[in-house]
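First the structure, in the form of structure tokens, and then the observations on it.
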Amino acid sequence: MKGGIKLQQISSKELMYIDDVLSLQEHMIKCLNDSASRLKDQQLKAMCQNLADRCQNSFNSIVKNLG
């Protein structure tokens, strides 16, 4: 749907699922950023940072479409 999803169109069960997904995304972003900051191997560091960025983009996209 263009312009985002209206919250009134989402059931309470779906909202709980979305909340869980967003919480897991936030946790994954935190863990990946923490790993990237601790790693010495530049390839692994870059991979973790790339994954963190992708998770952040996914999180932002979900939130944007809910607004």
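Quick notes
- When each of the peptides 37-44, 50-57 is scored by the mean number of other C-beta atoms lying within 10 Å of its residues, the order from highest to lowest reads 50-57, 37-44.
- Cα-based Lys proximity count in the chain, under 24 Å, for pairs eight or more positions apart or on separate chains: 7
- ³J(HN,Hα) computed for each position of region 62-67 - Karplus, 6.51 cos²θ - 1.76 cosθ + 1.60, integer Hz, glycine/proline x: 4, 4, 4, 6, 7, x
- Degrees, to the nearest 10: 12-38 long Cα axis against longest axis of the chain: 10 degrees
- Extended-chain gain in nm, criterion 0.36 nm per residue less alpha-carbon gap, Asn57 and Tyr17: 12.5 nm
- With contacts taken as Cα pairs under 8 Å and at least 6 residues apart, the chain reaches a relative contact order of 46 percent.
- Based on DSSP H segments of at least four residues, each scored -39500 (n - 2.57), the chain has a per-residue ellipticity at 222 nm of -27500 deg cm²/dmol.
- Simple spin-label estimate for Leu24 and Gln49 in nanometres, 7 Å along Cα-Cβ: 2.7 nm
None of the figures in this text is laboratory data; all of them are computed from the coordinates on show. Source: prediction; values computed, not measured. Ideal geometry is used to build each Cβ from the backbone, glycine not excepted, and the neighbour counts take in all protein chains shown.
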